[in-house]
1. Scan the range 135-157 residue by residue and report those that are crowded, with 19+ Cβ neighbours inside 10 Å and not acidic (D, E).
2. Please work out which residue is modelled with the lowest pLDDT, limiting yourself to the range 101-134 and to residues that are open to solvent by 50 Å² or more (accessible area, probe 1.4 Å) and of a type in the set (D, E).
3. Quick check on my filter: what residues within the range 141-178 are under 17 Å from K22 (Cα atoms) and in contact (Cβ under 8 Å) with a residue 12 or more places away in the chain?
4. Would you check which residues across the range 1-21 are closer than 27 Å to G100 by Cβ, open to solvent by less than 90 Å² (accessible area, probe 1.4 Å) and of a type outside the set (F, W, Y) and list them?
5. Count, please, the residues in the range 22-50 that happen to be surrounded by fewer than 13 Cβ atoms within 10 Å (Cβ to Cβ) and closer than 23 Å to Y95 by Cβ.
6. Among residues belonging to the range 51-86 that are β-branched (V, I, T) and farther than 27 Å from V11 by Cβ, point out the one that is most open to solvent (accessible area, probe 1.4 Å).
7. Return the residues of the range 71-89 that are of a type outside the set (A, V, I, L, M, F, W, C), touching a helix residue (DSSP H, G or I) at 6+ places or on another chain (Cβ under 8 Å) and modelled with pLDDT of 95 or more; say none if nothing qualifies.
Amino acid sequence: NIKQLEIVEKVFELLADANTLKVVDPVMADNGELYSNFDMTYVNEMRKFCRKADIILPNITEACLLTDTEYAEGPYSEEYIHNLLNKLGKLGVNYTVLTGAHTEKGYGAAWMDNAGGIWDIALSSYEEGCFYGAGDTLASVLLGKYLKGGSIKNAVESAVEFTNRAIKNTKQYHQDLK
């Protein structure tokens with residue numbers, strides 16, 4: 001809720017210094033719909049909160065809400081993804097990572113270095129199904145790789161590859177149980 005955003009904002013103010021990396025995953029929506037416990041007031045507050053981050057990791061639905069862009073079903077064109085990244089970059093963050101970047105070529109995440117305008121998409125094969133925690137896994141691996149000195153490009157590529165392998169292994173494990 002908005003009170004939680006205010007608390008985390010206070011934590012940023014109290015604990016962060018110039019060397020603190022602030023990462024925000026604006027978990028509030030998926031599959032074209034806002035989660036039932038959120039409303040547009042929350043979206044507007046999340047937009048303000050994201051401005052305080054160095055890296056944001058919205059999915060396509062969240063990116064559309066944060067940028068007032070009409071949501072469309074995937075697969076997405078590179079133009080659609082690039083447009084969302086450009087709009088998100090106007091929030092003032094250093095890096096934007098757009099998860100759920102599903103194109104005709106595969107499924108993964110797109111990223112943009114907002115200072116340089118450099119962007120790319122890291123894709124892997126599409127796996128049918130719903131995999132709860134996949135976005136959390138991607139964010140964790142990305143952050144770990146980035147903090148170890150990797151570039152945002154390398155961090156996103158590693159995260160997409162790892163998450164895809166985890167999904168494939170999960171699917172295989174569950175098939176073996178049947």
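1. Within the range 135-157, the subset crowded, with 19+ Cβ neighbours inside 10 Å is 135, 138-139, 141-142, 145-146, 152, 155-157.
Across the range 135-157, the qualifying residues are G135, L138, A139, V141, L142, K145, Y146, I152, A155, V156.
2. My answer is E128.
3. The first filter runs over the range 141-178 and keeps only residues under 17 Å from K22 (Cα atoms), leaving 141-152, 155-156.
Within the range 141-178, V141, L142, L143, K145, Y146, L147, I152, A155, V156 qualify.
4. Here is the first cut: in the range 1-21, the residues closer than 27 Å to G100 by Cβ are 1-2, 4-5, 8-9, 12, 21.
Pick out the ones that are also open to solvent by less than 90 Å² (accessible area, probe 1.4 Å) and you get 2, 5, 8-9, 12, 21.
If the condition is that a residue be closer than 27 Å to G100 by Cβ, open to solvent by less than 90 Å² (accessible area, probe 1.4 Å) and of a type outside the set (F, W, Y), then I2, L5, V8, E9, L21 are the ones that fit.
5. Going through the range 22-50 one residue at a time, the tally reaches 1.
6. Step by step, filter the range 51-86, then rank; the result is T69.
7. In the first step, residues of the range 71-89 are kept if they are of a type outside the set (A, V, I, L, M, F, W, C); the result is 71, 73-80, 82-83, 86-87, 89.
From what is left, the residues that are touching a helix residue (DSSP H, G or I) at 6+ places or on another chain (Cβ under 8 Å) are 71, 74, 76, 87.
Hits for the range 71-89 are Y71, Y76, K87.
The values are calculated or read from the model by the stated rules, or taken from the named source; none is laboratory data. All values reported here derive from a predicted model rather than from experimental measurement. Neighbour counts are summed over all protein chains in view; Cβ atoms, including those assigned to glycine, are modelled from backbone coordinates with ideal geometry. Ligands, DNA and RNA are stripped out before the accessible areas are found, and what is left, the full protein with its side chains, is counted by its heavy atoms. Shrake-Rupley method; radii C 1.70, N 1.55, O 1.52, S 1.80 Å.
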